[in-house]
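A.B. asks: I am attaching a structure below and will ask some questions about it afterwards.
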Number of protein chains: 2
Amino acid sequence: MRPLLLLLHLLTLLPLVAYAVTSSPPSLLKASLILLPSTFAYLLTYFSIPFISNFLLKANMYGLDIGKRGTPTEHDKVPEALGIVPGTVWILLLCLSLPLLISTHPSLTLPLLSSLFTVLFMLFLGFTDDVLEWPWRVKLLLPAISSIPLISVYEGSTSILCPNQLTWIFWTPAGGLTNFSTAVSNFITAYPNSPTNLIDIKYFYYLYMSLLSIFTTNSINIYAGINGLEVGQSCVIAGSILTHNVWSLGKGVNVEGSWFSVALLGPFLASSLALCCYNWYPAKVFVGDTYCYFSGVIFAVVGIHGHFSKTLLLFLMPQVLNFLISIPQLFKIVPCPRHRLPRYVKETGLMTVSRREDGGMNLTLINVVLKVCGDMKEEHLTMVLLMVQVGFSGLGFAIRYGGGSSLFFNEEL
Amino acid sequence: MRPLLLLLHLLTLLPLVAYAVTSSPPSLLKASLILLPSTFAYLLTYFSIPFISNFLLKANMYGLDIGKRGTPTEHDKVPEALGIVPGTVWILLLCLSLPLLISTHPSLTLPLLSSLFTVLFMLFLGFTDDVLEWPWRVKLLLPAISSIPLISVYEGSTSILCPNQLTWIFWTPAGGLTNFSTAVSNFITAYPNSPTNLIDIKYFYYLYMSLLSIFTTNSINIYAGINGLEVGQSCVIAGSILTHNVWSLGKGVNVEGSWFSVALLGPFLASSLALCCYNWYPAKVFVGDTYCYFSGVIFAVVGIHGHFSKTLLLFLMPQVLNFLISIPQLFKIVPCPRHRLPRYVKETGLMTVSRREDGGMNLTLINVVLKVCGDMKEEHLTMVLLMVQVGFSGLGFAIRYGGGSSLFFNEEL
């Protein structure tokens, strides 16, 4: 495990270095604005976790590893909610680099401040959830309200491409506007003779951004439960987005947005990797809802203010899939126990599909993978799931950079 | 108690109504931007506290009332950290009114966003402190860093008046600049022939603002420990500031700053009063460090972005006094126990001066008042301390509006 992690850590430096080299003119100041906070984020997180773990244990914030039942370590107290460390470190480092960031990029002041607020709010909600175990309505309502500052300072486009199959709704064959178009123009504006089938969906776009931030915040949290999965998937997603951003910067496309995203995701990836060292199998700490909410909302924030929210969803395909699979349980159509993670079989030492009280399988992507690939050890299961995540990222890149759809994902629209 | 509280609640509406009437032209939109969130803040806080108390008790977040030792209720579990309710309610209501606030006052966008962040950060720090009991270095370092976003978007003046006794340092008798003035002009700029002895202290002003926010955040927290005192003093301070703001609005002085302050303090005062209903003697809930940090930082935020930080300090005189009295214990010159609150005497039913292990009195303003006025019941002690707070507010107004010093406090400088 250790050499693999080290390799991963070195790999993450690549896009950052690539950015420093490809930016024209190569900008040492800009590169150091990312490299320095990232390095500090890694070191601070790595060395603070044992210290903060003691505080959490003293406050009785610990869990037993359900995946270790029947092994000698099943009664070990594992400190919980350690996501508070990368979260707080990230917030503090962003605060410290803020004066330099906004003096070099004044246009990013509002996105940066609103992002800081929204991320902190989710960190706060996550930690209080770990302490107080909120009901579901709180977990859906509060993210919606806390996304208001984020989207009220949104300055990007609110237009999307109308799919070819639906253009007849808005345009006459001659290219003029239909009666329907004219009637709804206060809410959805179609432009006559638009060569790209652009429609401005205005308020619906704000609704979409709000829903996006609720989705990403919760999607990591419901695709979790085995050692290293929450942090692992977040690192893969962050790595994919960073690669996409560096590619954009190299091509000179969506420069401000990509730069914003890199500045936020660099320290995030670094502190997540430091947390991963402790959360990887066998886990010495649990990350808690605190980390899941924190990482989820970061993706929403960079997707929205970085103006690549549709591309973002490509890298979240496993999370979307897991959400779709989970719907019958989330909406209580079939019974949903408090924990849906796979079951550890003492006799074989392997993880197996977990079942509901009515005998059916718990509907999660993890169980689907176990059903397809057969029972396996917990550390192998994490690796397989992360490989699935990497595979989907590859597919995402193929879709994003495949010629036909590049217009749909155009970040400069 | 109840009729008194009700009277207080009605009194707080006065400045808001006064504002609606005095603003010219009388603005219903503006008034409703304060009255509506304030009303919601009161109701939401009032009705959420019993609900959230259950969550806190379930998570073992409760305390025993040290002031009730030896009475039948001494073993009652009192839920702790209820400051999370007014804090979260305030944040959510500000988020909800943000779009309207920034569309009517675009210049307040940056102050509002940065204030939301800094207040939320202190709420987060306060709650984690109630759960994890941070060491002192954390409680001083983190507020300093989290004030960076607040002060990096500060757009007011960084000049202060040089006291008459020190003008010889910067100006020659003829009104020109001294050699010293010229030498330090990169850090402190004095203007030649300045009629008002103005000096621009630049970075030192940012340092001052950062220190101010650390001070206010902690000053409420160290002047606490008996039922109703934390919330009570915060309400008196908030009421004093609101009165000052409405006076300024009526005179048309510092309009944007005063409006900013009223918009933030209205919902704060309302939610604090709702909390007071539960925290007043005999306390059914404790407010925790969560509330002390939350209320402390709100005062810093409105003082800084409302451009009346020096006037603010006038209303915090009892807190400054308590801090000065406490210095020997805070800096460990004499022993400092974890709790310094006065001692309940079972035989008399009165509160009395509490003593350190070495026999000396714990150095707090509460103990000084007890020493001067003699032992008294806990509810009377709270009332006396709040009367002291009101008295100092009166003194503050006298200094602020007394002719001689109005130049020093000039908010338009």
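A.B. asks: Once the dipole of the range B:278-380 is set up with Lys and Arg at +1 and Asp and Glu at -1 on Cβ about the Cα centre, which of B:T364, B:Y278, B:G306 lies farthest towards its positive end?
C.D. replies: Towards the positive end, the residue furthest out is B:T364.
A.B. asks: Please work out the C-alpha center-to-center distance from the range A:296-331 to the range B:32-103 and express it in whole Å.
C.D. replies: Cα centres, the range A:296-331 to the range B:32-103: 33 Å.
A.B. asks: When Cβ neighbours within 10 Å are restricted to other protein chains, what is their mean count per residue of peptide B:113-126? Provide the component values of the computation, followed by the final result.
C.D. replies: Working: counts 12, 6, 2, 9, 13, 4, 1, 8, 9, 0, 3, 11, 2, 0.
The shielding value for this peptide is 6.
A.B. asks: Can you compute the label reach from A:E155? Point 7 Å from Cα along the Cβ direction, backbone N cut-off under 19 Å, restricted to the range A:87-114.
C.D. replies: A:98-114, by backbone N distance to the label point.
A.B. asks: Based on Cα coordinates alone, diagonalise the gyration tensor for the range A:162-288, multiply each eigenvalue by 5, take square roots, and list the semi-axes in whole Å, largest first.
C.D. replies: Three semi-axes, in Å: 42, 19, 11.
A.B. asks: To continue, here is another question. Just to confirm the number: angle between the C-alpha axis of helix B:109-132 and the first principal axis of chain B, 0 to 90 degrees, nearest 10?
C.D. replies: 30 degrees
A.B. asks: Step through the residues of the range B:330-341 one at a time and calculate ³J(HN,Hα) from phi using the Karplus curve (6.51 cos²θ - 1.76 cosθ + 1.60, θ = phi - 60°), rounding each to whole Hz and writing x for Gly and Pro.
C.D. replies: In residue order, the calculated couplings are 4, 9, 6, 6, 10, x, 10, x, 4, 10, 10, 5 Hz.
A.B. asks: Still on this structure: Which of these, A:P135, A:P111, A:P337, has the largest mean-square fluctuation under a Gaussian network model of chain A (Cα springs below 10 Å)?
C.D. replies: A:P135
A.B. asks: Taking Cα atoms, how many degrees apart are the long axis of helix B:136-146 and the longest axis of chain B, rounded to 10 and kept between 0 and 90?
C.D. replies: Once rounded, the angle reads 40 degrees.
A.B. asks: Just name one of B:H75, B:S114, B:L177: the one whose Cα is farthest towards the positive end of the charge dipole of chain B (beta-carbon charges, Lys/Arg +1, Asp/Glu -1).
C.D. replies: Highest projection toward the positive end goes to B:H75.
A.B. asks: Can you sort B:W168, B:W136 by 1.4 Å-probe accessible area, starting with the largest?
C.D. replies: B:W168, B:W136
A.B. asks: Using a Förster radius of 30 Å, what is the FRET efficiency between A:Y203 and A:N54 based on their Cβ-Cβ separation? Nearest 0.05, please.
C.D. replies: Approximately 0.05, to the nearest 0.05.
A.B. asks: Using a 10 angstrom cutoff on alpha carbons, build the Gaussian network for chain A and name the most mobile of A:S213, A:S97, A:S240.
C.D. replies: Of A:S213, A:S97, A:S240, the most mobile in the Gaussian network model is A:S97.
A.B. asks: Each residue of the range A:353-362 in order: what ³J(HN,Hα) in whole Hz does its phi give by Karplus 6.51 cos²θ - 1.76 cosθ + 1.60, θ = phi - 60°, with x for Gly and Pro?
C.D. replies: 4, 9, 10, 7, 4, 8, x, x, 6, 5
A.B. asks: Considering amide H positions built from the backbone, and no H for Pro or chain starts, which residues 5 or more places from B:L177, or on another chain, come under 5 Å of its amide H?
C.D. replies: Under 5 Å from the amide H of B:L177: B:T172.
A.B. asks: Using modelled backbone amide H atoms (1.01 Å from N, in-plane), which distant-in-sequence or interchain residues come within less than 5 Å of B:N362's amide H?
C.D. replies: B:S354, B:R355, B:R356
A.B. asks: Moving to a separate point now. Could you name the aspartates and glutamates in cross-link range of B:K202, using Cα to Cα under 16 Å and dropping any fewer than eight places away on the same chain?
C.D. replies: Reachable aspartates and glutamates: B:E155.
A.B. asks: Which Cα, out of B:V353, A:T348, B:V255, lies furthest along the positive dipole direction of the protein assembly as shown (beta carbon charges, K/R +1, D/E -1)?
C.D. replies: Result: A:T348.
A.B. asks: Quick one: with label points 7 Å out along Cα→Cβ, list the inter-copy distances for A:I169 in nm, shortest first?
C.D. replies: 7.0
A.B. asks: Hey, could you pull the Cα Rg and Dmax for the range A:224-271, both in Å?
C.D. replies: Expressed in Å, the Cα Rg and Dmax of the range A:224-271 come to 12.4, 40.
A.B. asks: Excluding residues on the same chain fewer than 8 positions from B:K58, give the lysines whose Cα lies under 19 Å from its Cα.
C.D. replies: Result set, ordered by chain and number: A:K58, A:K139, B:K77, B:K284.
A.B. asks: Considering only the label points, 7 Å along Cα→Cβ from Cα, what distances in nm to one decimal separate B:P328 from the same position in each other copy, shortest first?
C.D. replies: 7.4
A.B. asks: Shifting gears a bit: Using amide H atoms built 1.01 Å from N in the peptide plane, name the residues 5+ places from B:L350, or on other chains, whose amide H lies under 5 Å from its own.
C.D. replies: B:V345
A.B. asks: Hey, got the dipole for chain A? About the Cα centre, +1 on K and R Cβ, -1 on D and E Cβ, debye to the nearest 20?
C.D. replies: Values: 22 positive and 20 negative charges, 78 e Å.
Using only the charged Cβ atoms, the result is roughly 380 debye.
A.B. asks: Hey, another quick one. Please identify the chymotrypsin sites (Phe, Trp or Tyr not before Pro) of the range B:47-86 that satisfy two criteria: DSSP loop assignment and at most 12 other Cβ atoms within 10 Å. Which are they?
C.D. replies: Answer in residue order: no site qualifies.
A.B. asks: Under a 10 Å cutoff between Cα atoms, tell me which one of B:L142, B:L212, B:L177 has the largest fluctuation in the Gaussian network model of chain B.
C.D. replies: Result for chain B, Cα springs under 10 Å: B:L177 fluctuates most.
A.B. asks: As an exercise, identify the trypsin sites (Lys or Arg not before Pro) in the range B:310-370 lying in DSSP coil whose Cβ has no more than 15 other Cβ atoms within 10 Å.
C.D. replies: The qualifying sites are B:K332, B:R338, B:K346, B:R356.
A.B. asks: Count neighbours as other Cβ atoms within 10 Å of each site's Cβ, and list the trypsin sites (Lys or Arg not before Pro) in the range B:56-156 that are DSSP loop with at most 14 such neighbours.
C.D. replies: Values: sites: B:K58, B:K68, B:R69, B:K77, B:R137, B:K139; in loops: B:R69, B:K77.
Passing sites in the range B:56-156 are B:R69, B:K77.
A.B. asks: Treating the point 7 Å from Cα along Cα-beta-carbon as the label, what are the nm separations from B:T71 to the other copies, to one decimal?
C.D. replies: 5.3
A.B. asks: Let me ask something else about it. Under the Karplus relation 6.51 cos²θ - 1.76 cosθ + 1.60, θ = phi - 60°, what is the ordered set of whole-Hz ³J(HN,Hα) values for the range B:366-380, x standing for Gly and Pro?
C.D. replies: Rounded to whole hertz, the list is 4, 5, 4, 4, 5, 5, 6, 8, x, 4, 8, 5, 4, 5, 6.
A.B. asks: Excluding residues fewer than 8 places away in the same chain, name every one of the lysines whose C-alpha is closer than 16 Å to that of B:K251.
C.D. replies: none
The values are calculated or read from the model by the stated rules, or taken from the named source; none is laboratory data. All of these numbers come straight from a predicted model, not from anything done at the bench. Neighbour counts are summed over all protein chains in view; Cβ atoms, including those assigned to glycine, are modelled from backbone coordinates with ideal geometry. Quick note on the areas: whole protein, heavy atoms, side chains included, nothing else; ligands and nucleic acids left out. Shrake-Rupley method; radii C 1.70, N 1.55, O 1.52, S 1.80 Å.
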